[in-house]
1. Out of all the residues in segment 70-93, which are under 30 Å from residue 138 (Cβ atoms) and of a type in the set (Phe, Trp, Tyr)?
2. Hey, can you tell me all the residues within segment 329-351 that are open to solvent by less than 70 Å² (accessible area, probe 1.4 Å) and within 32 Å of the chain's Cα centre (by Cα)?
3. Could you please find all residues in segment 116-133 being touching a strand residue (DSSP E or B) at 6+ places or on another chain (Cβ under 7 Å), open to solvent by 10 Å² or more (accessible area, probe 1.4 Å) and farther than 29 Å from residue 194 by Cβ?
4. Can you tell which of 129, 84, 155 is over 22 Å from the mean Cα position of the chain (by Cα), part of a strand (DSSP E or B), of a type outside the set (S, T, N, Q) and farther than 21 Å from residue 175 by Cβ?
5. Yes or no: residue 158 closer than 21 Å to residue 30 by Cα and out of contact with any helix residue (DSSP H, G or I) (no Cβ under 8 Å at 6 or more places or on another chain)?
6. Note down all Cβ pairs under 6 Å where the first residue falls in segment 125-148 and is under 15 Å from residue 111 (Cα atoms) and modelled with pLDDT under 95, the second is open to solvent by 30 Å² or more (accessible area, probe 1.4 Å) and of a type outside the set (Phe, Trp, Tyr), and they're at least six residues apart or on different chains.
7. Given the conditions (1) out of contact with any Leu (no Cβ under 8 Å at 6 or more places or on another chain); (2) among the hydrophobic types (A, V, I, L, M, F, W, C); (3) assigned to a loop (DSSP other than H, G, I, E, B); (4) at pLDDT 90 or above, report the number of the one that residue 324 does not fulfil.
Amino acid sequence: MLRRLIGGGFVLFLATGIAVAQASGVQIFTLPNTATQNQWVKLGTYNASQQGYDIDVKIVSSAGYNANIFQDQITYIHFKTSNASSVDGNGFAGDSWWYQTGPNTGAPSQIVWVANSSGTNATAFTLFAYFAPFNGTNSYYVVDAPSGTTWTNIAAAGQTNPGAASSTVLVAHNEMYIGSTSSFEGAVGIGTTSPAYTLDVTGTIRATTGVVFPDGTTQTTAFVPASCGADYAEAVDVSGDRTHYEPGDVLVIDSQHPGKFLKADQAYSTMVAGIYSTKPGFVGRKEPASDPASKAEVPMAMVGRVPTKVSAENGPIQVGDLLVSSSTLGYAMKGTDRGKMLGAVVGKALGSLGSGKGVIEVLVTLQ
């Protein structure tokens, strides 16, 4: 049996590491090992009245023993009791949110609080967390409880599911808010614990002031026609790295590699062939890809309406203007020199662009 002073209060520990009595303040406990299977872990019980008391819990769970960022995960949990009168939509008198940093290996995916009574009669709230397997023997959690409240530690793995949200069960909100100018490395997931991209969002994204693209242009309105599949495209091979091409690129015939296509890079090119389609309504293919393993083909729209990258380098573009390739790589521009437009027209503008660069809908009409 050990005794120690934490946060100005007296704490009594058994040899098992379970605290049977303790005061408020910051306390540190060993996290049970979940070994090789997913399971619920009961961490402890927060004893607090309905006076708006808060408690913070930080879980540091490790998936291994090496000094590797992919083996460490930190989960932050906040809980607050009610004001003795208010309850949530399920009748639970309290609220809780949580978020995580680091990779998701060995991290809890659900946080649940279970009250000892329904509604505002609740005075004890037991914390459960659902963990993926981890075997870090030095994993731990930190509990910070204010004066006037206590934490009874349990630290027991292999628990049953606490159940769905109700007047005695609170499923904590998984929230994340980034409010700093710090830089972040690795992938960030919102709505997913396994982000596959730098920012991976599962759900709806809202941009109130527009979206800024790598070329500096800003799109402030949704482009609905891109989802209608209003064009015919043919799967064609492109020269170079396939990932360097993107929807909206103006494509021309590659004279150095027969059967392949490139991004347009010359004004009024008579080699213009079509536009990289965003979402073609129909895709054809003249013959099998020359190298299927390379995945070097893209859908090139030759008929119909398609979003197209355009530049106002030859003047503002208005609806109805005939478009030709521009000197800007992959972009179209307004055609004004009638002597050069024969065989160089890629389409007719269905939208307008006053200055700079952007994306508008174009009726592909090669001529």
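1. 70, 76, 79
2. 330, 331, 351
3. 116, 123, 124
4. Matching residue, one of 129, 84, 155: 155.
5. So residue 158 passes the test.
6. Listed pairs, sorted by first residue: 130/109; 130/110; 132/38.
7. Status for residue 324: all satisfied but (3).
Here is a yes/no grid of residues against (1) under 22 Å from the mean Cα position of the chain (by Cα); (2) modelled with pLDDT under 80; (3) within 30 Å of residue 132 (Cα to Cα):
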position	(1), (2), (3)
193	yes, yes, yes
218	yes, yes, no
227	yes, yes, no
235	no, no, no
254	no, no, no
262	no, no, no
269	no, no, no
281	no, yes, no
292	no, yes, no
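The values are calculated or read from the model by the stated rules, or taken from the named source; none is laboratory data. On a predicted model such as this, the values are computed, not experimentally measured, just so you know. As a convention, Cβ positions derive from the backbone with ideal geometry for all residues, glycine included, and neighbour counts pool all protein chains shown. Just the protein is used for accessible areas: all its heavy atoms, side chains included, with ligands, DNA and RNA removed. Shrake-Rupley method; radii C 1.70, N 1.55, O 1.52, S 1.80 Å.
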